[in-house]
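S.K.: Quick one: the structure is below, and I'll ask about it shortly.
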Amino acid sequence: MTASPRTVLVLLDTPADGLRSPARELLTLARSLGDVTALALEAPSETTLADAASYGAGTVLVVDLPGDASVGARLAPVAAEALAAAADRTGADLVLLTSSFVNREIGALAARTLGAGFVYDTSGISLTESGVVGSKRVFAGTWDVECAPTTPRAVLTLRSNSVVAQPVAEPVVPGVEHLAVEPTAAATAAVLVSRTAHATAADQSGRPALAEASAVVAGGRGTLGDFGPVEDLADALGAAVGATRDAVDEGWVEHDAQIGQTGVTIAPRVYVGAGISGAPHHRGGMQASGVVVAVNNDPDSPIFEIADFGVVGDLAEVLPQAAAAIRAHKATQG
Amino acid sequence: MRIVVPVKHVPDIHSDRGLTPAGRVRRGADDGTLNELDENAVEAALQIVEALDESERATSEVVALTVGPVEADAALRKAFQLGVGSAYRLGDDALAGSDVFGTAAAVAAAVRTLDAQAPVDLVITGMAALDGLGSVVTSLVAAELGLPQLTLASRLTVEHGQVEIERDLEGFTEVLTAPLPAVVSVTDHVNTPRYPNFKLIMAARTKEITVLSLGDVGLAPDAVGEAAARSRVVESAPRPPRPEVELVTDKGEGGLALAEYLIRNDLV
């Protein structure tokens, strides 16, 4: 079965300071589907261009917006107009974005303009004889669904950790082209008054960002407010730290760390939940994880129903012991 | 001030959710509910109206709107319990199988129809529906209506004909403003929804729900539903159950067992 390759347009998330892992994963997947052009909403740095080349973008198309581009490009309707214009310019029949709240909006709005089908939060994208198919996990990871756009063009978003990022053997310097875009009045009808960076937990700790980490250690009410053991195991594993809504509401951890249907949705290779009972809202945000490990002193906690491995015990004793054993193991591996 | 709150009837998050053989969300009146995040949208709308002075309040209204079959009335009844003044359901067999674009077209057409009765100043939605979790219909409705979109508000104020929101994205806090009319979505951090009021619970059972057809809102049957869907579900299946959990009771070596499990499975 051979399927004809596509002309693929990939929206780059962070053009300023090099690509983050979700973008690298997306480019890795994109080049298996066809010829890749990357779209940057702001002028990319040399680092970003080199990164894009390493992961197979043959061309980087840079959007030139009038005025302060860094403001306009942050508005989903403006970004969507740029993305749709770029799809027309390149003749792309496949438009790919990483999955985030903003990117889903951008993708949906661009698809609306392009008359394209839209499939969000895929965990895989493939070409079959009948066309593009996006794989999705729905209902908190309890159902697997294959979604096929019925239109000649398709826009899809890909979740983090869906593929393993791999650089190309011989990167070429991508050609840089420019595309001038004049946003419509409708797209700029809502005005961005201010945009303030706040240091995320990941920035402060040097740990990976929660949404893109391949390993996550999360704490809940059972930590009783002491996230020390959670952070200890996370650091031993090189994992991100996550939390339940309860732990965030108690002020034990920052809002950025909240895993759940209204927080960050994660699907790491391994998730460790400590002192977490496994309420539906939290499960909705983590149940698609590859391997689920739970530590809780209540053997009847619902989280054990969805766990692959569980320890019934006090997390304050279990986690540090596990962290020490993992560090010892890593030391022997050199 | 007239505020329309589009709401959705979704399978209860505690129920055994699934898809029909046709790839559509399985919905039943028995386990269906008002999408929990829509309660924040209703609350936001009620608070805006309650903050108005008496004369303005007298001419203000919060309208709940849903798109769906008769079972979706359950979501509107819950909205009545919370205090909305009137409720509309756009129901038509042709709507079945709508994708996000068809859904947005239907919601927008219904809002336009309501706007023709009496001007609509604001459309407020929840941040996501807990079945699909796409969070894109709000944006698409704004685009259909040609109105400014201010999504994912964790703070919302309406003053002097202008809406202002604050939102937290990963790593950034943004403030956005727009003149009314506008389309807004709110997160579950924007407020704490009130509990249904007993008097309203009793009254909600018999309050009138106005049912609109596609013809009433000026949409052709082939503009929505399966006919217009730009994607389809080609396969769906419940994930195979996880193997039985490997459970260890900590007697002093639970942490070692955990580490050994991760190492054995190449997860370290």
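The values are calculated or read from the model by the stated rules, or taken from the named source; none is laboratory data. Just so we're clear, the structure is a prediction, and the values are computed from it rather than from any experiment. No Cβ is skipped: glycine too gets one built from the backbone with ideal geometry, and neighbour counts run over all protein chains shown. Note: accessible area is taken over every heavy atom of the protein model, side chains too, but ligands, DNA and RNA are not part of it. Shrake-Rupley method; radii C 1.70, N 1.55, O 1.52, S 1.80 Å.
S.K.: With all protein chains present, how much of the accessible area of region B:1-114 (probe radius 1.4 Å) comes from carbon and sulfur, to the nearest whole percent? Mind dumping the intermediate values first?
M.R.: Details: 2010 of 4240 Å².
About 47 percent, which is the carbon plus sulfur part of the accessible surface.
S.K.: Would you mind working out the accessible area per residue for region A:248-311, using a 1.4 Å probe, and quoting it in Å²?
M.R.: 31
S.K.: Any idea of the total accessible area buried by the B-A contact, 1.4 Å probe, rounded to 100 Å²?
M.R.: Buried surface at the B/A interface: approximately 7100 Å².
S.K.: Kindly point out which whole DSSP H helices in chain A project their C-alpha atoms 15 angstrom or further along the helix axis while averaging a Kyte-Doolittle hydropathy of 0.5 or above.
M.R.: Those that pass (Cα extent of 15 Å or more, hydropathy at least 0.5) are A:76-90, A:101-114.
S.K.: How big is the charge dipole of chain A about its Cα centre, in debye rounded to the nearest 20, if each Lys and Arg gets +1 on its Cβ and each Asp and Glu gets -1 on its Cβ?
M.R.: Once rounded to the nearest 20, the dipole reads 580 debye.
S.K.: Oh, and also: Report the charge-dipole magnitude of the protein assembly as shown in Debye, nearest 20, computed about the Cα centre from +1 at each Lys and Arg Cβ and -1 at each Asp and Glu Cβ.
M.R.: In debye, rounded to 20, the protein assembly as shown gives about 940.
S.K.: Placing +1 at every Lys and Arg Cβ and -1 at every Asp and Glu Cβ, with all other atoms neutral, what dipole size does region A:201-332 have around its Cα centre, in debye to the nearest 20? Before the final figure, lay out each step's value.
M.R.: Numbers: 7 positive and 17 negative charges, 86 e Å.
Computed about the Cα centre, the dipole is about 420 debye.
S.K.: Just A:Leu94, A:Leu127, A:Leu156 to compare: in a GNM of chain A, with alpha carbon springs under 10 Å, which one fluctuates most?
M.R.: Taking springs between Cα atoms under 10 Å, the residue moving most is A:Leu127.
S.K.: How big is region A:7-180 by the Kirkwood estimate over distinct Cα pairs, in Å?
M.R.: Taking the inverse mean of 1/r over all distinct Cα pairs, region A:7-180 comes out at 15.8 Å.
S.K.: Two-decimal Rg/Rh of region A:170-216 from alpha-carbon positions, Kirkwood Rh?
M.R.: 1.18
S.K.: Another question, then. Rounded to a whole number, what % of the accessible area of chain A do carbon and sulfur atoms account for, probe 1.4 Å?
M.R.: Result for chain A: 50 percent of the exposed heavy-atom area is carbon or sulfur.
S.K.: At q = 0.13, 0.21, 0.23 Å⁻¹, what log₁₀ I(q)/I(0) does region A:17-60 have when each alpha carbon counts as one equal point scatterer in the Debye sum?
M.R.: With no solvent term, the Cα-only Debye profile gives -0.22, -0.59, -0.71.
S.K.: Any chance you could run the full-extension gain for B:Thr59 through B:Arg242? It's 0.36 nm times the residue separation minus the Cα-Cα distance, nm to one decimal. Don't jump to the answer; show the numbers that get you there.
M.R.: Working: separation 183, 0.36 × 183 = 65.88 nm, distance 5.58 nm.
Here the answer is 60.3 nm.
S.K.: Considering only B:Leu147, A:Thr157, A:Val145, whose Cα is most displaced toward the positive end of the charge dipole of the protein assembly as shown, charges sitting on Cβ of Lys, Arg (+1) and Asp, Glu (-1)?
M.R.: A:Val145
S.K.: Taking the dipole about the Cα centre of chain B, with the C-beta of Lys and Arg at +1 and of Asp and Glu at -1, give me whichever of B:Gln117, B:Leu214, B:Thr187 is farthest to the positive side.
M.R.: Farthest towards the positive pole: B:Leu214.
S.K.: With a 1.4 Å probe and all protein chains left in place, how much accessible area per residue does region B:153-215 have, in Å²?
M.R.: Per-residue accessible area for region B:153-215 comes out at 53 Å².
S.K.: Pairwise over distinct Cα atoms, reciprocal of the mean inverse distance: report the Kirkwood radius of chain B in Å, one decimal place.
M.R.: 20.3
S.K.: Quick check on region A:87-209: take the gyration tensor over C-alpha atoms, sort the square-rooted eigenvalues as a ≥ b ≥ c, and tell me if it's rounded (a/c under 1.5), prolate or oblate.
M.R.: In terms of gyration-tensor shape, rounded.
S.K.: Could you sort the residues of region A:155-197 by number and keep only those whose accessible area is reduced by 30 Å² or more in the all-protein-chain setting relative to the chain alone, 1.4 Å probe?
M.R.: Listed in order, they are A:Ala189, A:Ala190, A:Val191, A:Leu192, A:Val193, A:Ser194, A:Arg195, A:Thr196.
S.K.: Right, another one. Using Cα springs under 10 Å in a Gaussian network model of chain A, which residue among A:Val217, A:Val230, A:Val193 shows the largest mean-square fluctuation?
M.R.: Answer for the Gaussian network model of chain A: A:Val193.
S.K.: On to the next question. Taking 1 over the mean of 1/r across every pair of different Cα atoms in region B:1-112, what Kirkwood radius in Å do you get?
M.R.: Evaluated on region B:1-112, it is 14.9 Å.
S.K.: What is the angle, in °, between the Cα long axis of helix B:38-50 and the longest principal axis of the Cα atoms in chain B? Nearest 10 is fine, range 0 to 90.
M.R.: Once rounded, the angle reads 40 degrees.
S.K.: Continuing with this model, one more query. Given a 1.4 Å probe and every protein chain left where it sits, what share in percent of the accessible area of region B:125-203 is carbon and sulfur?
M.R.: Numbers: 1740 of 3080 Å².
Carbon with sulfur: 56 percent of the solvent-accessible area.
S.K.: Please name the residues of region A:278-293 whose accessible area, counted over protein heavy atoms with a 1.4 angstrom probe, falls by no less than 40 Å² between the chain alone and the full protein assembly.
M.R.: Buried by the other chains: A:Pro280, A:His281.
S.K.: Take chain B, connect every pair of alpha-carbon atoms lying under 10 Å apart with a spring to form a Gaussian network, then pick out the residue of B:Ala220, B:Ala153, B:Ala108 with the largest mean-square fluctuation.
M.R.: Maximum fluctuation in the GNM of chain B, among the listed residues, is at B:Ala220.
S.K.: Rounded to two decimal places and with Rh computed the Kirkwood way over Cα pairs, what is Rg over Rh for region A:60-132? Mind showing how you got there, number by number?
M.R.: Values: Rg = 13.0 Å, Rh = 13.2 Å.
The Rg/Rh ratio comes out at 0.99.
S.K.: Work out the charge dipole of region B:2-228 with +1 on the Cβ of Lys and Arg and -1 on the Cβ of Asp and Glu about the Cα centre, then indicate which of B:Val49, B:Gly134, B:Leu65 is farthest towards its positive end.
M.R.: So the residue we want is B:Leu65.
S.K.: Per residue of the protein assembly as shown, what 222 nm ellipticity follows from adding -39500 (n - 2.57) for every DSSP H run with n ≥ 4, rounded to the nearest 500?
M.R.: Calculated from helices alone, the mean residue ellipticity at 222 nm is -8500 deg cm²/dmol.
S.K.: For the pair B:Glu159/B:Thr210, report the inter-label distance in nm, with labels modelled 7 Å from Cα in the Cβ direction.
M.R.: 3.3
S.K.: Would you mind getting the accessible area per residue of region A:152-195, heavy atoms of the protein chains only, 1.4 Å probe, in Å²? Walk me through the numbers on the way to the answer.
M.R.: On the way: 2490 Å² over 44 residues.
Accessible area per residue, region A:152-195: 57 Å².
S.K.: Does region A:201-332 come out rounded, prolate or oblate by the C-alpha gyration tensor, with a ≥ b ≥ c the root eigenvalues, rounded set by a/c under 1.5 and, if not, prolate when a/b is larger than b/c and oblate if not? Intermediate results must be reported in sequence, preceding the final value.
M.R.: Values: a/c = 1.32, a/b = 1.10, b/c = 1.20.
Judged from the Cα gyration tensor, region A:201-332 comes out rounded (a/c under 1.5).
S.K.: Between B:Leu180 and B:Ala220, what is the FRET efficiency for a Förster distance of 25 Å, r being their Cβ-Cβ separation, to the nearest 0.05?
M.R.: For B:Leu180 and B:Ala220, the calculated efficiency is 0.25.
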